[in-house]
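Note sheet for the following structure.
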């Protein structure tokens, strides 16, 4: 059974700081990794995809992948209250396997 | 606004009713998905269609019946549902389904279903 683990939180970060979200996965053969943001009562929104080891940056978001350690993370720089949401890590293959999600709160 | 459109946004139905959820995308994607999501849980895969053919059924009860009339449309027919089926039902699409590098899935806004 493929597993994706996330700390459920809540993770509380002051406004303007860096929020760091972490995810580990069990299937060493996994090749595709995604981060989704989900606001309460809304649907998941894709914010990052990453396929290669290293960092991938998009605006205030940076995804980091380390396949040797089976670890993927998401950094949010200059955190804003509007970043408060649940962040879902998903590992892809024929189908996506989601982690339980980390609830992030940005405190003004 | 999302590029995957789901209707209706809300649905309340009795346990003896028959209803359908609809999903439409015009991104040229050839893989479409149905998920069920309960509060404070991640989406749970139900069905996958690849090139209009059912490729994955995650052992979903037969009271849920999917249909893919064409590459842009996906339906979920509901019949004799139980109160525990109340949830947010999400449709998603991706360029295609693969065992290699997976394409990102894009979700619709969902249908919030309540079973009385």
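Read-outs: derived from the displayed coordinates by stated rules, not from any lab. Here the structure is a predicted model, which is why all the values come from computation and not from measurement.
Side notes on the structure shown:
- Most fluctuating residue given options B:15, B:32, B:46, as computed from a GNM of chain B linking Cα atoms under 10 Å: B:15
- Taken over the Cα atoms of chain A, the convex hull encloses 94 Å³ per residue.
- For the range B:51-116, a Kirkwood radius taken over Cα pairs fed into Stokes-Einstein (20 °C, viscosity 1.002 mPa s) yields D = 157 µm²/s.
- Restricting the calculation to alpha carbons of the range B:2-51 gives Rg and Dmax of 12.9, 36 angstrom.
- Cα-only Debye scattering, the protein assembly as shown: base-10 log of I(q)/I(0) at q = 0.09 Å⁻¹: -0.37
- Listed residues B:51, B:33, B:89, most fluctuating in chain B (Gaussian network, C-alpha, under 10 Å): B:51
- Relative intensity of the range B:23-63 on a log10 scale, I(q)/I(0) at q = 0.32, 0.35 Å⁻¹, equals -1.10, -1.17, per a Debye sum over C-alpha point scatterers of equal strength in the absence of solvent.
- Chain B, relative contact order in percent, only Cα pairs under 8 angstrom and at least six apart counted: 37
- Relative contact order [Cα under 8 Å, 6+ residues apart], the range A:66-108, whole percent: 38
- Hydrodynamic estimate: the Kirkwood radius of chain B over Cα pairs, inserted into Stokes-Einstein at 25 °C and 0.890 mPa s, corresponds to D of 173 µm²/s.
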